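Worksheet: one structure, shown below.
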Amino acid sequence: MLDILMGSVSLGLLWAVMTIGVFITYRVLDIADLTTEGSIAMGAAIAARGITMGLNPFLSTFLALLGGMAAGLATGLLHTRLKIPALLSGILTMIALWSVNLRIMGRANISLLRMNTVFTFLEKIGLQKTYASIILGFVFVGVLVVFLYWFFGTEIGSAIRATGNNPYMVRAQGINTDTTIILGLIISYGLIALSGALIAQNQSYSDIQMGTGSIVIGLASVIIGEVLFGSRNFMGRLISLVLGAITYRIIIALVLKLGMPANDLKLFTAITVALALSLPVFQKYLTPLKRSVKGVK
Amino acid sequence: MLRVENLIKVFYPGSVNEKVALDCVSLELREGDFVTLIGGNGAGKSTLLNCVAGVYNVDHGSIFVDDVEITNLPEYKRAAFLGGVFQDPMMGTASNMGIEENLALAYRRGQRRGLRWGVTQKERELYYQQLKRLELGLEDRLDHKVGLLSGGQRQALTLLMATLKKPKVLLLDEHTAALDPKTARKVLEITDQLIEKNNLTTMMVTHNMRDAIKHGNRLIMMHEGRIILDINGEEKKRLTVEDLLDRFGRASGEEFANDRALLSS
């Protein structure tokens, strides 16, 4: 049981990086974005290629971050300068990244077994792999949460937050919303690719398919975090994302343990997200119902 | 201060719905002018304002602020010169953000934004004082989300945001039309107060004849995309609703047919 829990925490922390990225597009910029699937695989591809080429794993991970940021720039330019709807821009980049990722890796998958990864130095001092990944994941997530709390509190960060909320108002305050959208996408994609790089190193392989369904996992984590650990201030919201990502992993581990076939996992996740997203609709029906019940009493 | 020359704006050109919204409009606002702009539906008053603000591109003509041409500047660049409040109270503020965060975004209008903290303690003091003058009790709710405010409170806040950094021209587009009469009166009071205190050059679109006569030092009436009346000074002060209707009839050769304007006058 403890193993399952620790495994979920370690995986959850690495996916939390991606969850924060999804949060930035989905909640902060108010854009439903599908590039996630491509950028997570891109991060994995760049890190795996770098490591097998003998580059320092931290440098490879950093290059993955940069690669993701470039993908964000591409979607941002498609959306703002070429006026392609955000959803479609994301899909275009996602499709393009499939080929780009194959080119980066040179084949469909790369094994990182017995390679020097970011976790290796912790394992060398005698830590179990799960704990090495928890410690490193914790450091990455911690630094990220502090950095993003600071960034979204600055003048530029405030402008990005306002853009997703009311772009008309933002333009009226003399801010170019094209710039703020592109900046937001660059940060988001960078984080998602970073997450892909960490996940690939944790699972010891990179695969062209590994992004499939990741957007739904990201959304599920965002929503679970908001529903269970929701908070009003920004720091609280960032932390709720991390907890949401970990909780999602625990739920998945538990249902698998209870005997659900692994093949049904994506269906299960999709249904969970659909239910969570439709919560407001059900509440609309429930509230008058409650009221009328109270009225009768 | 604001100069508009031969502005032409046509919507849906070449189609059966073609509509000439602005038909060669020229206008000059002197510094400190407070112009009320009135006219029936489709007279072109909101179009004129939106063309100045940069929401619409013009088909012909030029717009200058302080002799700097802004005709082709995008909306966000014009914001350095212009402050605006529009009809929909939801438009002017970011509802998921706090009152102080909204004010802080407005306080930096026309400035380069960097990595300094978004709201400083010193500004908070300024916002507190400014909000206190509105007498809406908002000064004690600086960190409350704007989405929790009423339409009138949001419009008052938007007004403050538009004037926090003194604009060269303040544009008001029926900014009280979506409010109940009592709130509308209060917001107009605040409007007068802010304009007077900051000596702002203002253009205010209204459908209410009484408001158009009561406020400002100059009244302009539009009809079918043209300016048909431009009254100022002593003449404006003596103006009554009957005068205005009469002069509209003579200038346009029609009766003033706008239920909204008549009912509310």
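For the stretch B:14-79, the set of GluC sites (Glu not before Pro) satisfying both a DSSP loop assignment and a count of at most 16 other C-beta atoms within 10 Å is given as B:E18, B:E31.
Each of A:T120, A:N233, A:F140 was placed along the dipole of the stretch A:115-239 (beta-carbon charges, centred on the mean Cα), and the one lying farthest toward the positive end is A:N233. Scanning residues 5 or more positions from B:R218 or on other chains, those with amide H under 5 Å from its amide H are B:F34, B:T36, with H placed 1.01 Å from N in the peptide plane.
Listed values for the stretch B:64-76 are Karplus-derived 3J(HN,Hα) couplings in whole Hz (6.51 cos²θ - 1.76 cosθ + 1.60, θ = phi - 60°), namely 10, 10, 6, 6, 9, 6, 10, 3, 9, 6, x, 3, 5, and x replaces Gly and Pro.
Using only Cα atoms, locate the centre of the stretch A:80-103 and the centre of the stretch A:1-65, then give the distance between them in Å, rounded to an integer. Cα centroid of the stretch A:80-103 versus Cα centroid of the stretch A:1-65: 18 Å apart.
The value of relative contact order for chain A, using C-alpha pairs under 8 Å at least six residues apart, is 35 percent.
For chain B, what proportion of DSSP beta bridges, expressed in % and rounded to the nearest 5, is antiparallel? Provide the component values of the computation, followed by the final result.
Details: 22 of 39 bridges.
Approximately 55 percent, going by the DSSP bridge assignments.
Amide H to amide H, with H built 1.01 Å from N, B:V205 comes under 5 Å of B:L37, B:L172, B:D173, B:E174, counting only residues 5 or more places away or on other chains.
Between B:R3 and B:L73, what length in nm is gained on full extension when 0.36 nm per residue of separation is reduced by their alpha carbon distance?
Once the chain is fully extended between B:R3 and B:L73, it gains 23.7 nm.
Against chain B, whose longest principal axis comes from its Cα atoms, helix B:151-164 is set at around 80 degrees. Does a label point 7 Å from the Cα of A:W150, set along Cα-to-beta-carbon, have any residues of the stretch B:110-143 with amide nitrogen under 15 Å, and which are they? Residues B:115-118 qualify, since their backbone N sits under 15 Å from the label point.
Within 10 Å of each candidate Cβ there may be at most 16 other Cβ atoms; applying that plus a DSSP loop requirement, which trypsin sites (Lys or Arg not before Pro) in the stretch B:33-116 survive?
On the way: sites: B:K45, B:K77, B:R78, B:R108, B:R109, B:R112, B:R113, B:R116; in loops: B:R108, B:R109, B:R112, B:R113, B:R116.
Loop-located and lightly packed - B:R112, B:R116.
Take peptide A:171-183, look around each residue's Cβ out to 10 angstrom, count Cβ atoms belonging to other protein chains, and average those counts. Mind showing how you got there, number by number?
Numbers: counts 9, 21, 18, 17, 6, 5, 2, 2, 2, 1, 0, 0, 0.
The mean count of partner-chain Cβ atoms within 10 Å per residue comes to 6.
For the segment B:71-81, counting C-beta atoms of other chains within 10 Å of every residue's C-beta and taking the mean gives 3. Cα-based values for the protein assembly as shown, radius of gyration first and Dmax second, are 28.7, 95 Å. For the stretch A:2-259, the Kirkwood estimate of the hydrodynamic radius, built from every pair of different alpha carbons, is 18.3 Å.
Rg over Rh for chain B works out to 0.98, both radii taken from alpha-carbon positions and Rh defined as the Kirkwood radius. Remark: the stretch B:11-20, residue by residue, has Karplus-estimated 3J(HN,Hα) of 8, 6, x, x, 9, 5, 8, 3, 9, 7 Hz, where x stands for each Gly or Pro and the curve is 6.51 cos²θ - 1.76 cosθ + 1.60 at θ = phi - 60°. One chain, two ends: A:T212 and A:V143. Fully extended at 0.36 nm per residue, the span grows by 22.1 nm beyond their Cα-Cα distance.
The mean number of partner chain beta-carbon atoms within 10 angstrom of a residue's beta-carbon across peptide A:144-157 is 3. Each pair of Cα atoms in the stretch A:2-135 enters the Kirkwood radius, and Stokes-Einstein at 20 °C and 1.002 mPa s then converts it into a translational diffusion coefficient of 132 µm²/s. Sorting the segments B:236-245, B:55-64 by their residues' average number of neighbouring beta-carbon atoms within 10 angstrom, most packed first, yields B:55-64, B:236-245. Residue-wise HN-Hα couplings along the stretch A:155-166, as the Karplus relation 6.51 cos²θ - 1.76 cosθ + 1.60 with θ = phi - 60° gives them from phi, are 4, 5, x, 4, 5, 5, 4, 5, 4, x, 7, 7 Hz; Gly and Pro carry x. Loop-located trypsin sites (Lys or Arg not before Pro) in the stretch A:161-258 (DSSP state other than H, G, I, E, B) with a sparse environment of at most 12 neighbouring Cβ atoms within 10 Å: A:R232.
Amide H neighbours of A:Y205 under 5 Å, counting only residues 5+ apart in sequence or on other chains, H built in-plane at 1.01 Å? It is A:L112, by chain and number. Got a sec? Which residues in the stretch A:170-213 would a label at A:N116 touch, if it sits 7 Å along Cα→Cβ and we count backbone N under 11 Å? Taking a point 7 Å out along Cα→Cβ of A:N116, no residue of the stretch A:170-213 has its backbone N under 11 Å.
For the stretch B:44-97, the relative contact order is 26 percent, taking Cα pairs closer than 8 Å that sit 6 or more residues apart in sequence and dividing their mean separation by the residue count. With contacts taken as Cα pairs under 8 Å at a separation of at least 6 residues, chain B carries a relative contact order of 26 percent.
The gain in end-to-end length when the B:E139 to B:K166 segment is fully stretched comes to 7.7 nm, 0.36 nm per residue minus the alpha carbon separation.
Only the coordinates and a few stated rules stand behind these numbers; no lab work does. Fair warning: this is a prediction, and the values are worked out from it, not measured in the lab. Virtual Cβ from ideal backbone geometry, glycine too; neighbours counted across all protein chains shown.
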